[in-house]
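Below: the structure, in structure tokens.
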Amino acid sequence: MTMKHSAYVLFTSVLFLSCSAPGPKEVTIELVEALSEGDCDQARELVVGDAFFIVQMIIDGGCVKDVMTLKFVSYTESENTANCGCIADRGGVEVMFNYRLLKENDGWKVSSWSLDF
């Protein structure tokens, strides 16, 4: 194998790994950021099931920004499900969200979430 060929194989491997589908933690963060910024179209792409109806209700209500800053995210993952717990600052109030995710053919999607004060 030539040096050029080795470099090409290494480059394509790194490119492939960097383009892989986001995991449950990344999808949860994307959803929180999308809702925080008022990007409900992006949020709708990240959800299924009960979470889809929650996002649709947010859209029907005018898709107002829900500004919050994530402080901590933890998750557990099995083959096709995951749970993410997030602590966020929401206007000076610390809140905890619990997200449930399902692995679909096109990647991880948030299927439901709850809020604990």
Requested in this report: Per residue of region 63-75, in order, report the coupling 6.51 cos²θ - 1.76 cosθ + 1.60 (Karplus, θ = phi - 60°) as ³J(HN,Hα) in whole Hz, putting x for Gly and Pro.
Outcome: 6, 6, 4, 10, 5, 8, 10, 5, 10, 7, 9, 10, 8
Query raised in the report: Between D89 and I29, how many nm apart are label points set 7 Å from Cα along the C-beta direction?
Result: 1.8 nm
Query raised in the report: So between K71 and D116, what do we pick up on full extension, going 0.36 nm a residue minus the alpha carbon distance?
Result: 14.7 nm
Report summary line: Counting only residues 5 or more apart in sequence or on a different chain, those whose built amide H sits under 5 Å from that of G38 are D66
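Read-outs: derived from the displayed coordinates by stated rules, not from any lab. Nothing here was measured: the structure is a model prediction, and the numbers come from that model. Cβ coordinates were reconstructed from backbone atoms using ideal geometry, including for glycine residues, and neighbour counts include every protein chain displayed.
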